[in-house]
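The next block holds one structure in the form of structure tokens; read it before the comments.
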Amino acid sequence: MIVVGLTGGIGAGKSTVSAMLAERGAAIVDADQIARDLQAPGSPVLDAMAERFGAHIIVDDGSLDRAAVAEIVFNDEQALQDLNGIVHPAMQNEIQRQITAHEGTDTIVVLDFPLLGENPRDGLAATIVVDIDPDIAIARLVGQRGMDEGDARARIGSQISREQRLERATHVIDNGGDRDSLEQQVDTLWSALSALVADR
């Protein structure tokens with residue numbers, strides 16, 4: 001087993017690359033999905049969040065109002081730290097559980113983690129960054145996700161810089177082109193990762 005990190009700024013296309021790696025046989029440990037599962041209705045994490053931020057962050061069906069939480073923590077450093085203090089320990093435990101399930105195999109485990117640049121992880125065999133020009137990312141967020149342009153710019157601005165992310169990369173996937181170009185790059189990456197497994 002090897003564990004590699006996969007990251008990229010919002011709108012870069014990280015989820016697309018993650019899906020392509022899964023098609024080639026990778027086991028995906030999806031940090032965003034883990035966070036959503038941990039914040040499911042009635043979960044201890046959701047209860048702790050409501051206690052800290054107020055019952056209004058839970059909507060009528062018992063689920064989390066993510067937009068309400070984002071509004072609270074976006075410009076409040078202490079609130080963001082408190083949120084991370086609630087969510088991160090449970091997330092790290094579940095990430096580790098999912099990784100450990102592949103010990104003793106030849107699996108390529110991909111830790112799909114948007115905040116890998118902000119929260120580097122030790123012991124990764126590779127760090128893959130999906131890179132894109134920020135203006136293209138903004139256009140995609142507005143055109144494909146229906147996001148307000150100002151909101152898209154603010155979200156990109158709140159993340160670490162493109163340069164900081166690239167500094168930590170061992171492999172870069174350029175998602176500024178078409179689907180064929182992306183598939184070819186992922187094929188090349190998969191060959192490189194497979195060679196790392198063979199060398200273990």
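The values are calculated or read from the model by the stated rules, or taken from the named source; none is laboratory data. Quick caveat: nothing in here was measured; it's all calculated off a predicted structure. Ideal geometry is used to build each Cβ from the backbone, glycine not excepted, and the neighbour counts take in all protein chains shown. Accessible surface areas use protein heavy atoms only, side chains included; no ligands, DNA or RNA. Shrake-Rupley method; radii C 1.70, N 1.55, O 1.52, S 1.80 Å.
Structure notes:
- Within the set I99, I72, I95, I86, the sole residue that is open to solvent by less than 30 Å² (accessible area, probe 1.4 Å), part of a helix (DSSP H, G or I) and under 25 Å from S158 (Cβ atoms) turns out to be I95.
- Extreme residue, nearest to G13 (Cα to Cα), among residues of region 134-144 that are touching a residue at least 40 places away in the same chain (Cβ under 8 Å) and either surrounded by fewer than 17 Cβ atoms within 10 Å (Cβ to Cβ) or not charged (D, E, K, R) (or both): A137
- The residue that is most open to solvent (accessible area, probe 1.4 Å), among those in region 1-36 that are touching a residue at least 40 places away in the same chain (Cβ under 8 Å), charged (D, E, K, R) and within 19 Å of L115 (Cβ to Cβ), is D32.
- Verdict on A68 being without any contact (Cβ under 8 Å) to a residue 40 or more places away in the chain, aliphatic (A, V, I, L, M) and in contact with a His (Cβ under 7 Å, 6 or more places away or on another chain): yes
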